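**Student:** Encoded as structure tokens, here's the structure I'll be asking about.
The values are calculated or read from the model by the stated rules, or taken from the named source; none is laboratory data. This structure is a prediction, so every number in the text was calculated from the model and none was measured. As a convention, Cβ positions derive from the backbone with ideal geometry for all residues, glycine included, and neighbour counts pool all protein chains shown.
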Amino acid sequence: MKKCFGILLFLFPLILFSQNPEKKLSIDEFYIIRNDSLTIPLDEILLLDKRDFKSKKERRYYYWYYKKVQRAYPFARLASDTLVGINKELEGIKSKRKRKKKIKEIQHYMEGEFSDQLKKLTRTEGRILIKLIHRQTGETMYELIKEYRSGWKAFWYNSTANMFRLSLKKEYIPTDEALDFIIEDILQRSFINGTLEKREPKLQMDYVELLNQYRDIDIEKEITEYIDKYMK
């Protein structure tokens with residue numbers, strides 16, 4: 001079943017020119033106070049209590065899903081990091097033919113770099129990746145394929161995905177879907193403990209509010225229902 005993730009190779013045009021330039025502080029980011037001293041505004045720090053589990057089984061389910069999110073997120077982060085760079089690369093190309101040619105060149109290059117990694121993703125990791133692409137870019141995978149390839153390609157890729165009970169149109173909605181909240185919970189805790197490198201999402205959400213909304217979530221039930229629906 002892993003071969004179905006050949007459709008995820010569309011990501012190649014999005015992760016070219018991968019780079020993580022260090023942010024340089026400018027004088028505009030400093031506040032001057034009395035006696036000519038300087039103070040630097042700091043990011044907010046989120047402190048979380050250790051997650052409590054109702055049972056060992058719930059704990060196992062959570063950490064099973066935790067590993068899936070850990071594998072999928074770096075691909076979504078790369079797409080987010082480089083989407084702006086790719087748009088800049090295409091800005092100066094007015095000809096549709098030349099733009100198409102450039103995208104193909106990018107795709108062929110990236111196939112050699114990431115195809116093996118993407119093909120190793122499981123179906124669950126692929127579903128999570130589809131969600132996280134929407135979280136990080138603000139667009140679904142279907143919309144990205146349509147924008148960078150064509151509407152026809154998007155249709156056929158989604159049709160192929162449907163054969164494996166996947167949908168490239170899936171959105172990330174943690175306010176409405178408990179499994180999406182579990183993903184967000186895993187991400188936030190991973191950012192804090194340093195196992196994942198944080199990138200600000202395009203989608204705006206209040207994690208503290210989500211914690212309150214899902215304070216009584218039954219993680220075992222949610223993941224069991226997912227397994228019954230998609231893995232049996």
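**Student:** Among the listed residues 203, 210, 196, identify the single one that is in a loop (DSSP other than H, G, I, E, B), surrounded by 13 or more Cβ atoms within 10 Å (Cβ to Cβ) and either among the hydroxyl-bearing types (Ser, Thr, Tyr) or in contact with a Pro (Cβ under 8 Å, 6 or more places away or on another chain) (or both). Break it down into steps so the answer makes sense when it comes.
**Tutor:** Values: 203 fails: either among the hydroxyl-bearing types (Ser, Thr, Tyr) or in contact with a Pro (Cβ under 8 Å, 6 or more places away or on another chain) (or both); 210 fails: in a loop (DSSP other than H, G, I, E, B).
Of the residues listed, the single one that is in a loop (DSSP other than H, G, I, E, B), surrounded by 13 or more Cβ atoms within 10 Å (Cβ to Cβ) and either among the hydroxyl-bearing types (Ser, Thr, Tyr) or in contact with a Pro (Cβ under 8 Å, 6 or more places away or on another chain) (or both) is 196.
**Student:** Quick one: which residue in 90, 78, 144 is in contact with a Ser or Thr (Cβ under 6 Å, 6 or more places away or on another chain), assigned to a helix (DSSP H, G or I) and at pLDDT below 85?
**Tutor:** Every option except 78 fails the conditions.
**Student:** Then there's this: From the residues in the range 213-232 that are in a helix (DSSP H, G or I), at pLDDT below 95 and more than 21 Å from residue 56 (Cβ to Cβ), which one is farthest from the chain's Cα centre (by Cα)?
**Tutor:** Across the range 213-232, the extreme among qualifying residues is 229.
**Student:** What is the residue count in the range 93-127 for residues that are modelled with pLDDT of 65 or more and assigned to a helix (DSSP H, G or I)? Walk me through it before giving the result.
**Tutor:** The initial filter retains those residues of the range 93-127 that are modelled with pLDDT of 65 or more, namely 93-105, 116-127.
Now narrow it down to the ones that are assigned to a helix (DSSP H, G or I): 96-105, 116-119, 123-127.
Looking only at that region, the number is 19.
**Student:** Looking at the range 165-185, I want the residues that are among the basic types (Lys, Arg) and have a partner that is assigned to a loop (DSSP other than H, G, I, E, B) and surrounded by 16 or more Cβ atoms within 10 Å (Cβ to Cβ) with Cβ atoms under 6 Å, at least 6 apart or on another chain. Which pairs are those?
**Tutor:** Listed pairs, sorted by first residue: 169/140.
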